[in-house]
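The values are calculated or read from the model by the stated rules, or taken from the named source; none is laboratory data. This one's a predicted model, so the numbers in the text were calculated from it and none came from an experiment. With ideal geometry, Cβ positions are generated from the backbone for all residues, glycine too; neighbour counts draw on all protein chains shown.
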Ligand code: GLN
């Protein structure tokens, strides 16, 4: 097994995840079996307990892991399912070491970062590689070189090179090369410093990926090469592009995969990216803009809804149109500083985004009413679906003050309520209804036709759901249940009769949407939204 460690320098959030996913895709396209691990040096056991403003969306894996959003990039680029085990946090490592200490597994020893913590890290990385039958394990180390909490992970990767042999471990360093606005010059000093910091820890990078606005100049490349002790061709320009899915092509053009293959003594094969390029061609060709309102509460950081944004891109490429997103902050609607009608009047479709808690919910409900009454295509995801039900209950079923008990525990009409299986839960971390669940779709409903299957599996992350006592009432007014979970606990899809597209789902179909396999429900939504111009 070969290992490629990807470290970051200068700044975080510069696209290390996309770079890692792109390199992994090149090797997958060469016929190698790859898997990718994301390491997050924070002490949370998983990303599930963090606010989206801290690290962006919480990505949910098939097996119910609440993980870092980079796993979403890996799954989308590689078109594979990963497990919760592909996201290692410092919290998990320390938890496990401390449990072992209590069990007496280190009896007599002083338990320390080196070797106990580093051994635990190395063991986890090797296990995940084995579990996946990987030829190459890509390991992205979160944060930037020099962070105190990242040190044990860097140290573990250094040791792995020693233990696995120099031919079996490669290091990629992704760092920012800023451009000075006044002179237009690309400054390499920050990269030089972060590489120095790496080498001080004992890691010599084999490949440097420079994140920059414009393609890296020859001078900058040579300077970085000299100071980093690598040949100039091992300094790769990863400049800004309009579409992240172009990155594998940019890296391939500069032969990043060939340099790594040589370093790792792997047979070189030409990467077969034919399908990928077909997808890119579709995105490039799509010219008609389809305006989608994105209505949510964490809209000031678009990464909060990353998988949804990507699912819309996949669907757009498939349909042949270009989704153009109009962000609408639900707390602003609620405060009355944004006029729903003014923003939504020219919209082609709207997404009611997932979320938690009271703040902004009434703003969403107001928008939903407008969208329903004006017959504008509307897709509600999870919390978005729940609020579609609340709006319908209040304004069509006449249930005054209907609500979700998450928002108003004493509502007279709890149309959304805590799931029965959640009633006994008293710990917060990792206890929601999580991961892929089978859904039974009803044959006479539109959602069944959209999926073209009776049983589908979508991923979940919630505690509340439609209160089944109200199903008959909803159905008698045309808001129909189109699918339920196989165990019948949860109403999974609802669709409004005689509306162009008013569909809500308790699931998160965006987590399974891929460039090469777009989500059916998102595709149908975009198809319908792209007709709005004609309908208006
Ligand atoms: N807050 C809602 C629940 O827990 C919805 C969660 C979500 O949108 N992911 O059921």
Query - Residue tally, condition at pLDDT 95 or above and surrounded by fewer than 19 Cβ atoms within 10 Å (Cβ to Cβ), over the range 46-63 - result: 2
Report summary line: All-but-one check, residue 154 against (1) at pLDDT 95 or above; (2) surrounded by fewer than 21 Cβ atoms within 10 Å (Cβ to Cβ); (3) assigned to a helix (DSSP H, G or I), failing number (2)
Query - Residue in the range 243-257 that is touching a residue at least 40 places away in the same chain (Cβ under 8 Å), under 23 Å from residue 13 (Cα atoms) and assigned to a loop (DSSP other than H, G, I, E, B) present - result: yes
Requested in this report: Being within 11 Å of the ligand (Cβ to nearest atom) and part of a strand (DSSP E or B) is the filter here, so list the residues in the range 402-428 that pass it.
Outcome: 404, 416, 417, 418
Query raised in the report: Within the range 121-141, is even one residue in contact with a helix residue (DSSP H, G or I) (Cβ under 6 Å, 6 or more places away or on another chain), more than 17 Å from residue 41 (Cα to Cα) and part of a helix (DSSP H, G or I)?
Result: yes
Query raised in the report: Is it true that residue 179 is under 20 Å from residue 235 (Cβ atoms) and buried (at least 22 other Cβ atoms within 10 Å of the Cβ)?
Result: no
Requested in this report: For residue 434, state whether it is over 24 Å from residue 59 (Cα atoms) and buried (at least 17 other Cβ atoms within 10 Å of the Cβ).
Outcome: no
**Report entry** Pick from the range 358-369, criterion more than 10 Å from the ligand (Cβ to nearest atom) and part of a helix (DSSP H, G or I), ranking: surrounded by the most Cβ atoms within 10 Å (Cβ to Cβ)
**Finding:** 364
Report summary line: residue 489 vs (1) away from the ligand (no atom under 16 Å from the Cβ); (2) at pLDDT below 95: all pass except (1)
Requested in this report: Within the range 370-388, track down each residue that is in a loop (DSSP other than H, G, I, E, B) and within 16 Å of residue 360 (Cα to Cα).
Outcome: 382
Report summary line: Taking first residues from the range 403-414 that are under 10 Å from residue 393 (Cβ atoms) and second residues anywhere that are more than 15 Å from the ligand (Cβ to nearest atom) and outside any loop (DSSP other than H, G, I, E, B), the pairs with Cβ under 8 Å that are 6 or more apart or on different chains are 413/393; 413/470
Requested in this report: Note down all Cβ pairs under 8 Å where the first residue falls in the range 444-463 and is without any contact (Cβ under 8 Å) to a residue 24 or more places away in the chain and farther than 24 Å from residue 354 by Cα, the second is away from the ligand (no atom under 16 Å from the Cβ) and not in a helix (DSSP H, G or I), and they're at least six residues apart or on different chains.
Outcome: 453/441; 454/440; 454/441; 454/443
Query raised in the report: What do you reckon, is residue 297 under 23 Å from residue 402 (Cα atoms), at pLDDT below 95 and buried (at least 23 other Cβ atoms within 10 Å of the Cβ)?
Result: yes
Requested in this report: Can you work out which of the residues in the range 326-357 that are part of a strand (DSSP E or B) and surrounded by fewer than 18 Cβ atoms within 10 Å (Cβ to Cβ) is nearest to the ligand (Cβ to nearest atom)?
Outcome: 327
Requested in this report: Inspect all residues belonging to the range 372-380 and state whether any of them is modelled with pLDDT of 95 or more, within 16 Å of the ligand (Cβ to nearest atom) and closer than 20 Å to residue 300 by Cβ.
Outcome: no
Query raised in the report: Looking at 89, 67, which one is modelled with pLDDT of 95 or more and within 26 Å of residue 199 (Cα to Cα)?
Result: 89
Query raised in the report: Where in the range 470-536 are there helices (runs of 4 or more DSSP H), lying fully within it, with 1 or more residues that are crowded, with 20+ Cβ neighbours inside 10 Å, on the phi < 0 side of the Ramachandran plot and touching a helix residue (DSSP H, G or I) at 6+ places or on another chain (Cβ under 6 Å)?
Result: 520-529
Query raised in the report: Here is a list of conditions, (1) touching a strand residue (DSSP E or B) at 6+ places or on another chain (Cβ under 7 Å); (2) within 15 Å of the ligand (Cβ to nearest atom), and residue 431 meets all of them except one; can you say which number that is?
Result: (1)
